[in-house]
Amino acid sequence: MRKSLKAFAVFVLVVVCVVMLAACDANAEYYVLGTFLEIKTEGAGGAALADEINAFMQETELAVSTVMEGSDIYAVNAAPVGEAVACRPVTMEIVKEAEYVYDLTDGAYDPSVFPLVELWGFSPDKFVAGAEGNIPTDEDIAATLEKVGFRKCFSVDYEKGTVTKLVEGAKLDLGGIAKGYAVEKALSEVGKKQKALVNLGGNIGAANKTYRIGISAPREYASQYFAVVELYAGECIATSGDYQRCFIKDGVRYHHIINPFTGRPADSGVAGASVISSDGALGDALATAVVVAGTTSADKWVSATGCSIIAVNGDMAVSVFGGRTVECV
Ligand code: AMP
Ligand code: MG
């Protein structure tokens, strides 16, 4: 009798511990930077941590949104030519990284592409999923190209923290880099102990644990994912693709990643690109660049940055650059 009571007590204790452990894990969802933010944490304090990460990301959005009045980027885009616009430190930090990737990719990633994004109807305030899109005329594209080109259109003073427009109608857009930046910063908020996975619209960061991540298939495929990678603690993976914000007209796909040289949606043959890096902003911007420029320079970008690149084309053929093992499914 005594023995079975003891066994019962042990069983109850184990059950209670399991319930407590489960209660410590948290799964939170928010909407920020134009997309869904999902945070999974393991261990105590996860819910509060998730709220902190969300608050930080909301602040980042207030600084870099193209559509929120009061953001630095909104102010830069509305300012007349020649006016130096003072920006928050977070904006300057992202602009600096954007300039680095602009140089690294010879302008394939170009944070001044916004006039073209607007012309094609892909800006956050204009794009309606499922709506019939409008194809601009060659004349409109040529005229808009005049307002695009980071070096030509903007001058940045990092010491003073200002951005100055040099060409009438030029506009900045950090939409191709800010999410990766925010995820990378979220990992430092998590600190050294808690295990967490942060997913901001496909920009994913792993804290203090290795997670297995599935990469979405850009076209109809047997499974939702075409590949699985291990994301190590402190790393981020960013994915860009021609399937994320797009419309199809007369059998042609028009999408939100614009080639800043042609003024048209990128047609490099890359349908989806993922970049793994501990520098989330770099990975995000590079993923956008790979969709624009294709994989010709991928080896150069991998050796310059230490990242890994996974590219997939419209026929679901996969190319991998850098040391990462990719399990195709
Ligand atoms: P992502 O999803 O990171 O590839 O970012 C795509 C977003 O970045 C688009 O919705 C545009 O706002 C912006 N964008 C489009 N083309 C480019 C480009 N060539 N360089 C930089 N940003 C771009
Ligand atoms: Mg990007």
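The values are calculated or read from the model by the stated rules, or taken from the named source; none is laboratory data. Here the structure is a predicted model, which is why all the values come from computation and not from measurement. No Cβ is skipped: glycine too gets one built from the backbone with ideal geometry, and neighbour counts run over all protein chains shown. Each accessible area value is taken on the protein alone, full model and side chains, heavy atoms only, with ligands, DNA and RNA left out. Shrake-Rupley method; radii C 1.70, N 1.55, O 1.52, S 1.80 Å.
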So Asp72 ticks every box in (1) charged (D, E, K, R); (2) within 15 Å of ligand 1 (Cβ to nearest atom); (3) open to solvent by less than 50 Å² (accessible area, probe 1.4 Å) but one. Which box is left unticked? (2)
Restricting attention to region 114-141, and to residues there that are in contact with an Asp or Glu (Cβ under 8 Å, 6 or more places away or on another chain) and of a type in the set (A, V, I, L, M), which single residue is nearest to Tyr243 (Cα to Cα)? Val117
In this structure, is Ser268 within 16 Å of ligand 2 (Cβ to nearest atom), over 18 Å from the mean Cα position of the chain (by Cα) and open to solvent by 40 Å² or more (accessible area, probe 1.4 Å)? yes
Would you check if there is a residue in region 282-292 being within 12 Å of ligand 2 (Cβ to nearest atom), under 30 Å from Ala170 (Cβ atoms), open to solvent by 10 Å² or more (accessible area, probe 1.4 Å) and among the hydroxyl-bearing types (Ser, Thr, Tyr)? yes
Out of all the residues in region 102-122, is one or more open to solvent by less than 60 Å² (accessible area, probe 1.4 Å) and more than 12 Å from ligand 1 (Cβ to nearest atom)? yes
Filtering region 198-232 down to residues that are away from ligand 2 (no atom under 16 Å from the Cβ) and outside any strand (DSSP E or B) yields Asn208, Lys209, Thr210, Ala217, Arg219, Glu220, Tyr221, Ala222, Ser223, Gln224, Tyr232
Considering each residue of region 219-262, count those that are exposed (fewer than 15 other Cβ atoms within 10 Å of the Cβ) and closer than 24 Å to Asp106 by Cβ, and give that number. 1
Across region 146-197, the tally of residues that are among the β-branched types (Val, Ile, Thr), more than 16 Å from ligand 2 (Cβ to nearest atom) and not in a loop (DSSP other than H, G, I, E, B) stands at 5
Could you check, for region 159-182, whether at least one of its residues is more than 11 Å from ligand 1 (Cβ to nearest atom), within 16 Å of Tyr74 (Cα to Cα) and of a type in the set (S, T, N, Q)? yes
